[in-house]
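Notes to accompany the following structure.
Nothing in this text is a laboratory measurement; each read-out follows from the coordinates by a stated rule. Here the structure is a predicted model, which is why all the values come from computation and not from measurement. Using ideal geometry, Cβ is built from the backbone for each residue, glycine included, and neighbour counts are taken over all protein chains shown.
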Amino acid sequence: MQAETESIVEVVRRHHELYKNALPMIASENITSNTVRILLSSDLSHRYAEGDVGNRFYQGCEYIDEIEEKAIRYAKELFEAEHVNVKPTSGVNANIAALFALTSPRDKMMALSIPDGGHISHSRYSIPAIRNLALDTFPYDAKEMNIDVTKMVKEIKLKKPSLILLGGSLFLFPHPVSEAREAADEVGARIVYDASHVLGLIAGKKFQDPLREGADVVASSTHKTFPGPQGAIILCKENVKEKIDRAVFPGTVSNHHLHHVAGLAVTLAEMMQFGEAYASQITTNAKVLAQGLYEEGFDVLCEHKGFTESHQIAIDVFNHGGGAAVAEKLERANIITNKNMLPSDKDPAEPTGIRLGVQELTRIGMNESEMREIASLIGRVVITKEDENKVREEVIELRKDFQHVQYCFDGKDMYKFPEKKMKKFL
Ligand SMILES: *Cc1c(COP(=O)(O)O)cnc(C)c1O
């Protein structure tokens with residue numbers, strides 16, 4: 001069995017080798033600083049701390065209290081939130097807690113459909129089924145790649161949902177939160193904004209500000225544009241805080257992941273210092289990459305409105321064999337992306353699009369010139385159909401100069417397990 005253990009460690013090493021030499025462009029991923037990576041393997045990962053700061057069900061929580069108190073305080077300051085809960089262990093968990101808090105069975109809710117960009121947890125396969133909610137989807141304008149505002153307002157007034165869920169996974173432009181707020185007030189609806197994809201842009205004041213625009217609750221994962229450990233956070237207004245806290249604990253989380261809370265606190269501090277520069281470079285990079293791909297001949301969505309205002313780019317690759325074939329080709333050149341449904345798609349197995357995100361490339365220090373180079377590399381794989389092995393060699397070469405996490409307080413080689421530092425620390 002020892003050999004088995006060693007072989008797992010070896011496979012993880014190979015995984016690191018792959019990612020060290022690749023362009024990771026999955027829009028839902030990111031990397032943490034080395035400090036956070038060390039904290040994730042600390043003793044905190046072994047402990048229980050059910051309850052709240054200063055009021056736990058277990059002894060031994062003196063330092064855990066200090067860490068969680070800091071995470072909450074930093075998040076309140078960074079997002080100017082009235083109340084914060086750092087316990088949900090994933091984005092779906094945060095959504096479940098938020099909807100558990102604010103709805104009763106058989107209530108009506110409204111969210112985006114999956115092809116229009118909604119997350120699977122917003123769909124009839126997930127939370128609406130768990131909570132037995134009647135689900136309606138937003139009217140969508142595929143040309144503008146956003147919710148159709150006029151029709152949305154009409155639908156809210158007509159259908160009178162008690163819960164409006166904004167935000168999504170294919171998320172190029174800010175959602176109409178303030179318009180939804182006005183209609184919601186007329187029918188007495190609550191608004192939850194799922195910021196999973198864009199939390200890092202919100203932290204850097206580069207997208208929209210859902211709490212100021214009228215959301216009652218922001219539920220979000222903490223590892224997409226927000227470059228923290230996998231986990232989640234809920235920000236909310238004072239008047240729903242008891243409901244939210246009870247829906248998290250004891251409702252949907254027993255023990256939260258304390259090592260993740262420590263990592264989250266550090267990432268919040270990183271974003272307080274570097275968030276604006278980081279988010280600003282992400283949105284610049286996304287636009288430059290989109291323009292470059294458009295010039296290569298790709299059908300990049302929404303050229304008429306500057307392609308994107310987030311970290312994402314959506315491309316219709318139907319004419320190049322569809323999303324699956326293109327994503328597999330790019331993988332052979334060490335360019336890691338995913339196939340993605342576009343609004344016109346019916347079959348989730350055969351999406352016509354691919355979705356690209358530039359947040360991780362930005363986190364390792366890539367700027368406009370690298371975006372232009374990457375557009376050309378993608379064009380050579382998909383459009384001029386060059387040998388993927390040859391392009392892969394150039395990807396590896398490009399990646400050589402980008403091996404350190406930026407916008408944080410450390411700068412060590414991120415794929416080397418920091419053993420020395422670990423020993424000193426533990
Ligand atoms: C990724 C995502 C989630 C789920 O987050 P997990 O941490 O993977 O559970 C929820 N909502 C949206 C909009 C997402 O994109």
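So for each of 274-283, 48-57, 154-163 I average, over its residues, the number of other beta carbons within 10 Å; can you give me the resulting order with the highest mean first? If you can, show how the numbers build up before the last one.
Working: 274-283: 20.7, 48-57: 14.7, 154-163: 17.5.
Packing order, densest peptide first, comes out as 274-283, 154-163, 48-57.
Kyte-Doolittle cut-off 0.0, length cut-off 18 Å along the helix's own axis using Cα: show which whole DSSP H helices in the chain pass.
Numbers: long enough: 2-20 (27 Å, -0.89); 62-79 (26 Å, -0.68); 258-296 (46 Å, 0.26); 368-382 (21 Å, 0.23).
Answer set is 258-296, 368-382.
Can you give the calculated 222 nm mean residue ellipticity of the chain, where each DSSP H run of n ≥ 4 adds -39,500 (n - 2.57) and the sum is split over every residue, rounded to the nearest 500 deg cm²/dmol? Let's see the in-between values first.
Details: 16 runs with 185 residues, N = 426.
Helix contribution divided over all residues of the chain: -13500 deg cm²/dmol.
So how strong a dipole does segment 37-269 carry about its Cα centre when Lys and Arg Cβ are +1 and Asp and Glu Cβ are -1, to the nearest 20 debye? Mind showing how you got there, number by number?
On the way: 27 positive and 29 negative charges, 102 e Å.
Computed about the Cα centre, the dipole is about 480 debye.
Along Cα→Cβ, 7 Å out, is where each label goes; now give me the distance between the ones at residue 386 and residue 303 in nm to one decimal.
A separation of 2.3 nm, rounded to one decimal place.
Can you pull the one-decimal nm distance between simple spin-label points at residue 4 and residue 325, each 7 Å off the Cα toward Cβ?
Between residue 4 and residue 325, the simple spin-label model gives 4.2 nm.
Can you tell which of 64, 88, 48 lies farthest toward the positive end of the dipole of segment 1-97, using +1 and -1 charges on the Cβ of basic and acidic side chains (Lys, Arg; Asp, Glu)?
The listed residue farthest towards the positive side: 88.
From the P(r) of segment 186-307, could you give the percentage of C-alpha pairs in the tail past 25 Å? Don't jump to the answer; show the numbers that get you there.
Values: 2771 of 7381 pairs.
That fraction is 38 percent.
Just want to confirm a number: the relative contact order over segment 165-253, from Cα pairs under 8 angstrom separated by 6+ residues, in percent.
Details: 125 pairs, mean separation 21.6, N = 89.
RCO, segment 165-253: 24 percent.
Report the gain in length on full extension from residue 397 to residue 18: 0.36 nm times residue separation, minus Cα-Cα distance, nm rounded to one decimal. Don't jump to the answer; show the numbers that get you there.
Details: separation 379, 0.36 × 379 = 136.44 nm, distance 1.33 nm.
Separation in residues times 0.36 nm, less the Cα-Cα distance, equals 135.1 nm.
Take peptides 188-199, 296-307 and line them up by average Cβ neighbours within 10 Å, highest first, as a rough protection proxy.
Packing proxy ranking, top to bottom: 188-199, 296-307.
Please list, short to long, the whole-number percent of alpha-carbon pairs of the chain in consecutive 10 angstrom bins beginning at zero.
Here the calculated profile for the chain is 5, 21, 30, 27, 14, 3, 0.
Which trypsin sites (Lys or Arg not before Pro) does segment 65-132 hold that lie in a coil by DSSP with at most 16 other beta carbons within 10 Å? All intermediate terms of the calculation are to be shown ahead of the outcome.
Working: sites: 70, 73, 76, 106, 108, 124, 131; in loops: 106, 124, 131.
Here the trypsin sites (Lys or Arg not before Pro) that fit, given the DSSP loop and packing criteria, are 106, 124.
Please state the charge dipole magnitude for the chain, taken about the Cα centre, from unit charges on C-beta atoms (+1 on K and R, -1 on D and E), reported in debye and rounded to the nearest 20.
Working: 51 positive and 61 negative charges, 123 e Å.
For this selection, approximately 600 debye.
Put +1 on the Cβ of each Lys and Arg and -1 on the Cβ of each Asp and Glu in the chain; which of 260, 153, 306 then has its Cα farthest toward the positive end of the dipole?
Highest projection toward the positive end goes to 260.
With a cut-off of 8 Å between alpha carbons and a minimum separation of six or more residues, what is the relative contact order of the chain in percent? Don't skip to the end; give the middle numbers.
Working: 865 pairs, mean separation 96.0, N = 426.
For the chain, the relative contact order is 23 percent.
With 30 Å as the limit, write out which pairs from 70/206; 70/305; 205/243 have Cα-Cα distances beyond it, or answer none. Mind showing how you got there, number by number?
On the way: 70/206 24 Å; 70/305 40 Å; 205/243 28 Å.
Over 30 Å Cα-Cα: 70/305.
Pairs to check: 143/241; 87/108; 151/329. Give those whose C-alpha atoms are more than 32 Å from each other in this structure.
Working: 143/241 38 Å; 87/108 27 Å; 151/329 39 Å.
Table pairs above 32 Å Cα-Cα are 143/241; 151/329.
Taking a temperature of 4 °C and a viscosity of 1.567 mPa s, what whole-number D in µm²/s does Stokes-Einstein yield for segment 262-394 with Rh from Kirkwood over alpha carbon pairs? Provide the component values of the computation, followed by the final result.
Numbers: Rh = 15.5 Å.
Estimated diffusion coefficient is 83 µm²/s.
For segment 37-269, what does the convex hull of the Cα positions come to per residue, in cubic angstrom?
Values: hull volume 25.8 nm³, N = 233.
Measuring per residue, one finds 111 Å³ for the Cα hull of segment 37-269.
By per-residue mean of other Cβ atoms within 10 Å, what is the highest-first order of 211-221, 134-144, 169-179? Kindly include the intermediate steps, with their values, before the conclusion.
Numbers: 211-221: 24.5, 134-144: 17.2, 169-179: 21.7.
Put in order of decreasing packing, that is 211-221, 169-179, 134-144.
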